[in-house]
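J.: I have a structure I would like to understand better, so I am pasting it below and will then ask my questions one at a time.
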Amino acid sequence: MTPETLAALTEARAAKRPVVLATHLADGAQQLLPDPAAPEALNTAALRALDRDESGTVTIDGTEWFLHAYAPPVRLVIVGAVHIAQSLVPMAAHLGLSVIVVDPRRSFATEERFPNVTLMDDWPDDAMDKIAPDSRTAIITLTHDPKLDDPALDRALRSDAFYIGSLGSRKTHANRLQRLRDLGHDDNTLARIRGPVGLNIGAVTAPEIAASILAEFIAVRRNAAPK
């Protein structure tokens, strides 16, 4: 690896920017992807490797490359340290997600209820500003309280978060969408919100609801979500 490539890779990882180190197996030449100067097929393969968090060998136009994906963990931001969150957090951790629980109600967001997880007691809009959601961030609101959910969703919709979900009935969600329209969001933007969050599997208990949420999250992340 050349000093220039190493420096660029180190900089990308320090900035938590997903990149792929592509090695041309015929001669050992290396480059970072995606790169506008690289062939489109190679960039597409690199983006697929990042999406799947997988490294491996690919053949592009008869030429073999080894693609090493360097990507920070996917973040799951949960707004509302509620009962469902207590089931959702450990499940998410088993998937290798970096979990953040946001709730200004300090009696809810405690280490006793949520061990080994990042807790933030900021108001959700302030928390989102600090978190700076990107394309590897998922955001789920669980409180049913517009004072907490709406500011988080407002910030989420203005970000590159790849998954946004909100708990609540269809009537609750319809009211929520109207409030967000009043904040300036159009219907195309609001369609990004999965609400009611989770796949419709007849879930009733908190663990079942948590499982339905993570099932939908996985489907969206792997581009297999129902249309």
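J.: Would you mind checking the tilt of helix 206-221 against the longest principal axis of the Cα atoms of the chain, expressed as 0 to 90 degrees and rounded to 10?
T.: The answer is roughly 30 degrees.
J.: Around LEU177, what is the net charge, scoring Lys/Arg as +1 and Asp/Glu as -1 over all other residues with Cβ under 15 Å from its Cβ?
T.: +1
J.: A follow-up question, please. Just subtract the alpha-carbon distance of LYS147 and SER107 from 0.36 nm times their residue separation and send over the number in nm, one decimal.
T.: Residue separation times 0.36 nm, minus the Cα-Cα distance, leaves 12.7 nm.
J.: Once you order the gyration tensor axes a ≥ b ≥ c over the Cα atoms, which shape class does segment 99-227 get: rounded for a/c under 1.5, otherwise prolate or oblate by comparing a/b with b/c?
T.: Verdict is rounded for segment 99-227.
J.: Say each of SER159 and GLN178 gets a label point 7 Å from the Cα, pointing the same way as Cα to Cβ; how far apart are those two points in nm?
T.: 2.8 nm
J.: Tell me which label goes with the value of percent of Cα pairs over 27 Å apart computed from the coordinates here: (1) 41; (2) 30; (3) 67.
T.: This structure yields the entry labelled (1).
J.: Could you give the distance between the Cα centres of segment 79-123 and segment 4-41, to the whole Å?
T.: 35 Å
J.: Specify the angular offset, from 0 to 90 degrees and rounded to the nearest 10, of the alpha carbon long axis of helix 170-182 from the longest principal axis of the alpha carbons in the chain.
T.: The helix 170-182 is inclined about 70 degrees to the chain.
J.: Continuing with this model, one more query. Can you sort SER166, SER159 from fewest to most other Cβ atoms within 10 Å of each residue's own Cβ?
T.: Fewest-to-most ranking of SER166, SER159: SER159, SER166.
J.: Counting DSSP beta bridges with both partners in the chain, what percentage is antiparallel, nearest 5?
T.: Bridges in the chain are about 45 percent antiparallel.
J.: Could you list which residues have their amide H under 5 Å from that of PHE162, counting only those 5 or more apart in sequence or on another chain, with H placed in the peptide plane?
T.: Under 5 Å from the amide H of PHE162 lie the amide H atoms of THR137, each far enough along the sequence or on another chain.
J.: In what sequence do TYR70, TYR163 fall when counting other Cβ within 10 Å, fewest first?
T.: TYR70, TYR163
J.: Calculate, in nm to one decimal, what ASP61 and ASN188 gain on full extension: separation in residues at 0.36 nm each, minus their alpha carbon distance.
T.: Answer, rounded to one decimal: 41.9 nm.
J.: Rounded to the nearest 0.05, what FRET efficiency do ALA29 and SER135 give with R0 = 35 Å and r taken as the Cβ-Cβ distance? Could you check?
T.: 0.80
J.: Would you mind putting 183-192, 31-40 in packing order, based on average other-beta-carbon counts within 10 Å, highest first?
T.: Per-residue Cβ counts within 10 Å, averaged per peptide and sorted highest first, yield 31-40, 183-192.
J.: With +1 on each Lys and Arg Cβ and -1 on each Asp and Glu Cβ, how big is the dipole of the chain about its Cα centre, in debye rounded to the nearest 20?
T.: 740 debye
J.: Where does helix 146-157 land angle-wise versus the long Cα axis of the chain, in degrees 0 to 90, nearest 10?
T.: Tilt of helix 146-157: around 20 degrees.
J.: For ALA93 and VAL204, what is the calculated FRET efficiency with R₀ set at 22 Å and r taken between the beta-carbons, to the nearest 0.05?
T.: 0.40
J.: Looking only at LEU199, LEU47, LEU167, which one moves most when the chain is put into a Gaussian network model with springs between Cα atoms under 10 Å?
T.: Result: LEU47 has the largest fluctuation of those listed.
J.: Can you find, among HIS144, GLN86, GLY56, the residue farthest towards the positive end of the dipole of the chain? Put +1 on the C-beta of Lys and Arg, -1 on that of Asp and Glu.
T.: Of the options given, the answer is HIS144.
J.: For the pair ALA215 and SER169, how long in nm is the line joining their label points, each one 7 Å along Cα→Cβ?
T.: Computed distance between label sites ALA215 and SER169 equals 2.3 nm.
J.: A further question follows. Please list, in order along segment 195-200, the HN-Hα scalar couplings obtained from phi with the Karplus expression 6.51 cos²θ - 1.76 cosθ + 1.60 (θ = phi - 60°), rounded to whole Hz, x for Gly and Pro.
T.: Values, residue by residue: x, x, 5, x, 6, 7 Hz.
J.: What number, in percent, do you get for the relative contact order of the chain if the mean sequence gap of Cα pairs under 8 Å and at least 6 apart is divided by its residue count?
T.: 14 percent
The numbers here are math on the coordinates, done by the rules we state, and not lab data. Because the structure is a prediction, the values reported are computed rather than measured. Using ideal geometry, Cβ is built from the backbone for each residue, glycine included, and neighbour counts are taken over all protein chains shown.
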